[in-house]
């Protein structure tokens, strides 16, 4: 199914090489049509638990950043105690771009917006009870479980952290109801990663100049979703909300309205 990006004229700074935008008719069950033998739709959907897709994914206009004009819907991605994939002790619900595009050459900007909500926010008591538990929120890895860049939440504090090669480069308090906007600036030639970020409708600003990272990919390594390390304990259900997920090259689009605005 084609996304809204390709149905309307584009005015933006860079060139979009892939997008995960949802138009008004898209429903989460359409992601079930994807398989290795039928690679359709914007995302690969195979890293999840044993329940039906509706338990882990839902799309709605209520789930997007209101400032995002390129999506007509955002997506809820959830993890719970059924989210073990292939018998792993970690809980995982992750989408991966379905594309033949080259996502690993030159300099690319990986965009997304992220929100937690008070009623379904991540469970800090679990993190206190299990200091080693933590959440990998949208990671980029070539050799799992190593991530050359990622967002993390958990441990013993309510802090959202951005890391490059396992080292914290930026952090902020996670406030329920706030939209956090990000763009990873990945230079695959120079092997560096920088960070652009903002909140709400504010334009992206560079907050971390490019730092060294082991950038490598076969264009199938960007995981959009959550990975929770429970160490076998029960952590309950948690929801995260996503919108404005796309990848571009050239000059960065800093407006949260996105490339289709």
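Every read-out reported here was derived from the displayed coordinates using simple, explicitly stated rules and does not represent laboratory data. This is a predicted model, so every value here is computed, not measured. Counting neighbours? That spans all protein chains shown, and the Cβs are built from the backbone with ideal geometry, glycine included.
The modelled label-to-label distance between residue 187 and residue 102, using points 7 Å beyond Cα along the C-beta direction, is 1.8 nm. By other beta-carbon atoms within 10 Å, ranking 60, 37, 70 with the fewest at the front produces 37, 60, 70. Modelled spin-label separation between residue 118 and residue 261, with each label point placed 7 Å from Cα along the Cα-to-Cβ direction: 2.8 nm. Modelled this way, with points 7 Å down the Cα-to-C-beta line, the labels at residue 85 and residue 54 are 2.3 nm from one another. Residues 202, 150, ranked from the fewest to the most other C-beta atoms within 10 Å, line up as 202, 150. FRET efficiency for the residue 237 to residue 32 pair, using the beta carbon distance and R₀ = 22 Å, is estimated at 0.60. One compactness figure for the range 159-261 is 1.18, namely its Cα radius of gyration divided by 2.2 N^0.38 Å. Centre-to-centre, using Cα atoms only, the range 160-180 and the range 37-66 are separated by 24 Å.
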